[in-house]
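Undergrad: I have a structure here, written as structure tokens, and I will follow up with some questions on it.
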Amino acid sequence: MSPERFVVRPAGDADRRPIALLLASVAEERDGIASEPPIDVDGRAARFGLDGTFVAIAEEAIVGQIDVEESRFGYGEIGMMVAADWRGRGVGSALMAAAIEWSRSRGLHKLSLGVFPHNDAALALYRKFGFLQEGYLRQHIRRASGERWDLIEMGLLL
């Protein structure tokens, strides 16, 4: 693959539907995020909060997204996704760096996230940024198939 360029910027209103379409695409994989198909694209697009949301743009398309949901207790909960053909190309790192910078500028003291134990690439990314495992939730996420998947809880003190 050639090293195409991408940019990371705060999400805007026009990004709602493209983010929801990315969510639907990543959910189709059924292994990296908790959401599974079918995704109500228009419904999700209408509900997205954009404060603390960043997108990675390449070739005029959203290829990654991260959001920090700020709690009233001073920490932020991270959710992120990267299009399959853009993984391993620095998109996740750039998104994480933007989320950490934004969180610090907001005065958050900590970031937290949940990740599936089998998601080696995501675990490596989070560890690279200093996230540490803080918990292990057994059979925490019920899948459409009826399976129940474990979840690793990770945190980063800012």
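Undergrad: Tell me which residues, restricted to the stretch 20-44, are touching a helix residue (DSSP H, G or I) at 6+ places or on another chain (Cβ under 7 Å) and outside any loop (DSSP other than H, G, I, E, B).
TA: Answer for the stretch 20-44, where residues must be touching a helix residue (DSSP H, G or I) at 6+ places or on another chain (Cβ under 7 Å) and outside any loop (DSSP other than H, G, I, E, B): 20, 21, 23, 24, 41, 44.
Undergrad: Would you check which residues across the stretch 104-117 are closer than 18 Å to residue 79 by Cβ and not hydroxyl-bearing (Ser, Thr, Tyr) and list them?
TA: Selection gives 106, 108, 110, 111, 113, 114, 115, 116, 117.
Undergrad: Kindly indicate which of 134, 77, 101 is in contact with an Asp or Glu (Cβ under 8 Å, 6 or more places away or on another chain), without any contact (Cβ under 8 Å) to a residue 60 or more places away in the chain, within 28 Å of residue 14 (Cβ to Cβ) and acidic (Asp, Glu).
TA: 77
Undergrad: Here are 66, 57: which of them is in a strand (DSSP E or B), crowded, with 19+ Cβ neighbours inside 10 Å and either in contact with a helix residue (DSSP H, G or I) (Cβ under 7 Å, 6 or more places away or on another chain) or of a type outside the set (Asp, Glu) (or both)? Working first, answer last.
TA: On the way: 57 fails: crowded, with 19+ Cβ neighbours inside 10 Å.
Testing whether each residue is in a strand (DSSP E or B), crowded, with 19+ Cβ neighbours inside 10 Å and either in contact with a helix residue (DSSP H, G or I) (Cβ under 7 Å, 6 or more places away or on another chain) or of a type outside the set (Asp, Glu) (or both) leaves just 66.
Undergrad: Inside the stretch 69-84, can you point out the residues that are over 16 Å from residue 33 (Cβ atoms) and either crowded, with 17+ Cβ neighbours inside 10 Å or out of contact with any strand residue (DSSP E or B) (no Cβ under 8 Å at 6 or more places or on another chain) (or both)?
TA: 70, 72, 73, 75, 76
Throughout, read-outs are computed from the coordinates displayed, never taken from laboratory work. These numbers come from a predicted model, not from an experiment. Here the Cβ is made from the backbone with ideal geometry for all residues, glycine too, and neighbour counts use every protein chain on show.
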